[in-house]
Every structure is written in C-alpha cells, then in structure tokens.
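Visitor: This structure is in structure tokens; I'll ask about it shortly.
Every number in this text was worked out from the coordinates using simple rules, so none of it is lab data. As the structure is a prediction and not an experimental result, all values here were calculated from the model. Ideal geometry is used to build each Cβ from the backbone, glycine not excepted, and the neighbour counts take in all protein chains shown.
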C-alpha cells in the first residue's frame, strides 16, 4: 500500500483570499498551507531569485492583522510557484489559538 504524500491536511486558497507571505524581497500570494509547509506564487523576476535549498525567513500575514513568523527551506520551484517545508513556525499553525481567528464551519483541513 502506498504511503500518503502529505502528512498534514492543507488548506487551498484558490479562488478566495488567503494569507500573504512577506519577505524582504516582497509580498507573495500563498496558494496552499499546512502545518508542515506552504506553496506560494511569486512574480517571474522574484521566482528566479528563489532557489531549491534556500532557507527563507518570512511573515505569514493573515486577515484581521494576525501574523506568524516562519522559516522554511525551498523544496521545489516550478515557474512562478515555489514550495517551502517549514523549519520554524509550525506550532503556531497547528495549534490554538489559530492565527487567522476562529474556525469557520464550512472550511475543512486546518481550522482557522
């Protein structure tokens, strides 16, 4: 039997506002997020500066002016998208109080 690819449920922000990833080089759109990592979209010029193996320090900015400081290693870069495996900040994403406020009953996966 094949082992699941992901260990944590993830939230996809396709078609709805999601958190923003703020780094020294700019602010980027978070496409999906779990307690283990995230995927973000960067403009072409910024994406060219992200390299597999880089360790990025950033702030995840959620609605209602809530934020989480994170650190993550770049696992994958594909065009304008990059994926990070979190090295720091997971505990704030996985446990209460949730960084983006109370859970919404219509959402599944991580609750905030």
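Visitor: Sort 63-71, 16-24, 32-40 by the packing proxy (mean of other Cβ within 10 Å over each peptide's residues), most packed first.
Guide: 32-40, 16-24, 63-71
Visitor: Residues of the range 72-95 with the amide nitrogen closer than 13 Å to a label point 7 Å from the Cα of residue 41, along Cα-to-Cβ, please.
Guide: Only 79-82 fall inside the zone, counting backbone N under 13 Å.
Visitor: Taking only the alpha-carbon atoms of the range 12-89, what semi-axes of the equivalent ellipsoid follow from 5 times the gyration tensor eigenvalues under a square root, in whole Å, largest first?
Guide: Numbers: eigenvalues 60, 40, 28 Å².
Computed over the range 12-89, the values are 17, 14, 12 Å.
Visitor: Spin-label point model (7 Å from Cα, Cβ direction): what's the residue 91 to residue 75 distance in nm?
Guide: Reported label-point gap for residue 91 and residue 75 is 2.2 nm.
Visitor: Oh, and also: Calculated FRET efficiency, residue 51 and residue 12, Cβ-Cβ r, R0 30 Å, to nearest 0.05? Don't jump to the answer; show the numbers that get you there.
Guide: Values: r = 25 Å, r/R0 = 0.84.
E between residue 51 and residue 12, to the nearest 0.05, is 0.75.
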